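Before any comments, here is the structure.
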Amino acid sequence: RGMNVRGIYVLTLLLVIGAIHFSAVAIGHYASDNVWIDIPLHFLGGIFFSMLFLWSAGKALSVRSMQERLVSAVAIVGAALIGSVLWEVFEFALVTFLPSVAFGAKWYSLRVSDLLVDIAMGALGGLVSAILSLRTFLKK
């Protein structure tokens with residue numbers, strides 16, 4: 001028994017994240033120094049990356065034994081963490097090679113502390129996703 005997630009849920013979450021982000025850009029929210037909307041977006045991004053992992057590899061995961069549950073949880077959080085780090089690498093590359101695009105889309109981290117909070121929130125989103133996924137699939 002695997003832990004599969006429907007692709008429509010993954011796509012829907014990606015569209016919600018994009019809609020929130022670009023709405024915040026359009027209303028000028030990112031113009032201030034207090035860019036709090038970025039934090040929940042990275043949390044949702046962690047959930048997105050873990051859901052993407054579950055969609056692509058979830059059938060291979062098992063929740064029968066405690067050891068399998070632990071491995072599944074680590075894999076889910078790991079996927080969110082890897083996705084979050086890769087997103088930050090993407091933002092850095094965008095700022096480096098296409099700064100007008102990065103600043104226009106507000107896809108950049110100004111400080112290392114911002115970058116670390118972004119990654120931590122992505123990992124936290126992955127942890128929440130792992131807990132919810134394990135609880136959901138244990139009930140089946």
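The values are calculated or read from the model by the stated rules, or taken from the named source; none is laboratory data. It should be emphasised that the depicted structure is a prediction, and the values quoted were computed from it without experimental measurement. Cβ sites come from the backbone with ideal geometry, for glycine too, and all protein chains shown count toward neighbours. Ligands, DNA and RNA are stripped out before the accessible areas are found, and what is left, the full protein with its side chains, is counted by its heavy atoms. Shrake-Rupley method; radii C 1.70, N 1.55, O 1.52, S 1.80 Å.
List pairs: first in the stretch 52-65 and crowded, with 20+ Cβ neighbours inside 10 Å, second of a type in the set (Lys, Arg) and part of a helix (DSSP H, G or I), Cβ under 8 Å, 6+ apart or cross-chain? Going by the 8 Å Cβ cut-off, the qualifying pairs are 63/69.
Here residue 91 passes the criteria (1) closer than 16 Å to residue 123 by Cα; (2) open to solvent by less than 40 Å² (accessible area, probe 1.4 Å); (3) not small (Gly, Ala, Ser) except the one numbered (1).
The residue that is nearest to residue 102 (Cα to Cα), among those in the stretch 1-19 that are hydrophobic (A, V, I, L, M, F, W, C) and loosely packed, with under 15 Cβ neighbours inside 10 Å, is 19.
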